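The values are calculated or read from the model by the stated rules, or taken from the named source; none is laboratory data. Bear in mind that the values here come from a model prediction, so they are computed numbers and not experimental data. Cβ placement follows ideal geometry from the backbone for every residue including glycine, while neighbour counts extend to all protein chains displayed.
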Amino acid sequence: MTRPAPEHLAEAARQVNRALQAASDALGSVDRAHAWFLEQELEQFGGLTPLQMLQKGRVEDLLGHIATLKPEGPCEPICEPA
């Protein structure tokens, strides 16, 4: 197995950070954003989680969706930190 080039890893990290920051701003909490990012299945995207969307290169789709979120938004109960 080959290792990804450093520039690919850096770009992936930027995408994750960009999406998490946007989700944190939209949902009002870093903890809620992390839970949402890892676990929330998005019906409008075939049940993919936000992380899976990034893995598939669907950054702009994900950011567009994040822009529609509200702090009291559609992520309960998954977004509530334990």
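Brief remarks on what is shown
- The condition (being free of Cβ contacts under 8 Å to residues at least 60 places away in the same chain and either touching an Asp or Glu at 6+ places or on another chain (Cβ under 8 Å) or of a type in the set (Ser, Thr, Tyr) (or both)) is satisfied by just one residue among Arg32, Arg14: Arg32.
- Residue count, the range 22-35 (criterion: touching a helix residue (DSSP H, G or I) at 6+ places or on another chain (Cβ under 6 Å) and under 14 Å from Lys70 (Cβ atoms)): 6
- The set of residues in the range 24-82 being modelled with pLDDT of 90 or more, crowded, with 16+ Cβ neighbours inside 10 Å and not in a helix (DSSP H, G or I) consists of Gln40, Leu42, Leu48, Thr49, Arg58.
- Filtered by the rule that a residue be under 15 Å from Arg14 (Cα atoms) and among the β-branched types (Val, Ile, Thr), the range 28-63 gives a lone residue, Val59.
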